[in-house]
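After the structure tokens below, expect a handful of questions from me.
The values are calculated or read from the model by the stated rules, or taken from the named source; none is laboratory data. Keep in mind that this is a model prediction, so the values were computed, not measured. Positions of Cβ are backbone-derived with ideal geometry, glycine not excepted, and every protein chain shown enters the neighbour counts.
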Amino acid sequence: MTVYLSLGSNIRPRHHLGTALELLDAQDTIRLLGESPWYETRPWGGIVQANFLNLVCAVETSLPPLQLLEATQAIEQRLGRVRTLRNGPRTIDIDILLAGDTRLEMPALTIPHPGLLERDFMLVPLLDLAPDARLPGGERLIDKCAHLSHHQIIRKLTFGRNDNQEN
């Protein structure tokens with residue numbers, strides 16, 4: 001199944017995003033298919049903090065959604081993610097946006113991600129990567145762009161994980 005993941009970081013973001021992508025691809029049950037351009041974005045949630053870098057990647061996996069969530073959270077923990085302040089600074093955040101035609105609503109996981117149709121830093125990079133992407137049920141995501149309520153993208157960046165940088 002093809003799954004789209006949103007990745008974000010504002011603590012050494014280039015390092016943590018690149019490492020997270022490598023760790024995803026190193027899993028036996030996950031194969032990285034591609035990644036969107038990277039974006040600099042304003043923080044979400046009203047906490048004063050550094051800007052984020054965000055991207056979306058596509059992966060192929062045989063894992064069911066809850067096991068994929070466990071795998072992504074293990075990567076977050078490995079990269080030092082601490083969940084002390086909601087919407088606060090983080091080394092890495094990995095969210096499941098879409099998972100094939102899956103619709104799921106559980107306390108631990110909702111698919112499609114509830115922020116996908118609200119936040120430009122999730123939807124715009126996903127459409128960069130998969131312009132024909134659709135919601136479960138067939139609605140085209142491109143038709144949802146005009147309805148975004150949160151606009152945090154500052155700019156599309158001209159580098160990616162293969163450009164060596166310190167931060």
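Name the residues in segment 1-17 that are of a type outside the set (Val, Ile, Thr) and surrounded by fewer than 22 Cβ atoms within 10 Å (Cβ to Cβ), would you? It would help to see each step written out before you state the result.
We begin by selecting, within segment 1-17, every residue of a type outside the set (Val, Ile, Thr); these are 1, 4-10, 12-17.
Listed by number, the residues that qualify are Met1, Asn10, Arg12, Arg14, His15.
Given (1) in a loop (DSSP other than H, G, I, E, B); (2) touching a strand residue (DSSP E or B) at 6+ places or on another chain (Cβ under 8 Å); (3) more than 20 Å from Thr2 (Cα to Cα), identify the lone condition not met by Leu63.
Going through (1) in a loop (DSSP other than H, G, I, E, B); (2) touching a strand residue (DSSP E or B) at 6+ places or on another chain (Cβ under 8 Å); (3) more than 20 Å from Thr2 (Cα to Cα) one by one, Leu63 breaks only (3).
When residues of segment 32-41 are filtered for being in a loop (DSSP other than H, G, I, E, B), crowded, with 22+ Cβ neighbours inside 10 Å and either of a type outside the set (Phe, Trp, Tyr) or at pLDDT below 95 (or both), how many remain?
Number satisfying all stated conditions: 1.
Considering (1) at pLDDT below 90; (2) hydroxyl-bearing (Ser, Thr, Tyr); (3) within 14 Å of the chain's Cα centre (by Cα), say which one Thr72 fails and leave the rest.
The one condition Thr72 does not meet is (1).
A further question follows. Could you pull out the residue among Thr91, Thr84, Thr102, Thr29 that is of a type outside the set (D, E, K, R), modelled with pLDDT under 95, over 20 Å from Ile153 (Cβ atoms) and surrounded by fewer than 16 Cβ atoms within 10 Å (Cβ to Cβ)?
Step by step, each of Thr91, Thr84, Thr102, Thr29 is checked, and only Thr84 is of a type outside the set (D, E, K, R), modelled with pLDDT under 95, over 20 Å from Ile153 (Cβ atoms) and surrounded by fewer than 16 Cβ atoms within 10 Å (Cβ to Cβ).
State all residues of segment 71-81 that are part of a loop (DSSP other than H, G, I, E, B) and surrounded by fewer than 15 Cβ atoms within 10 Å (Cβ to Cβ); if no residue qualifies, say none. Give the derivation first.
Kept after step one, since they are part of a loop (DSSP other than H, G, I, E, B), are these residues of segment 71-81: 79-81.
Within segment 71-81, Gly80 is the sole residue that qualifies.
Further question: Looking at Asp132, Asp101, Asp143 in this structure, which one is in a helix (DSSP H, G or I) and more than 15 Å from the chain's Cα centre (by Cα)?
Asp143
In addition: Determine whether Leu68 is over 21 Å from Arg14 (Cβ atoms), of a type outside the set (Ser, Thr, Tyr), in contact (Cβ under 8 Å) with a residue 60 or more places away in the chain and not in a strand (DSSP E or B).
Numbers: over 21 Å from Arg14 (Cβ atoms): yes; of a type outside the set (Ser, Thr, Tyr): yes; in contact (Cβ under 8 Å) with a residue 60 or more places away in the chain: yes; not in a strand (DSSP E or B): yes.
The answer is yes for Leu68.
Further, regarding this structure: Where the second residue is at pLDDT below 85 and the first is surrounded by 11 or more Cβ atoms within 10 Å (Cβ to Cβ) and lies in segment 140-167, which pairs have Cβ atoms under 6 Å and are six or more apart or on separate chains?
Gln152/Trp44
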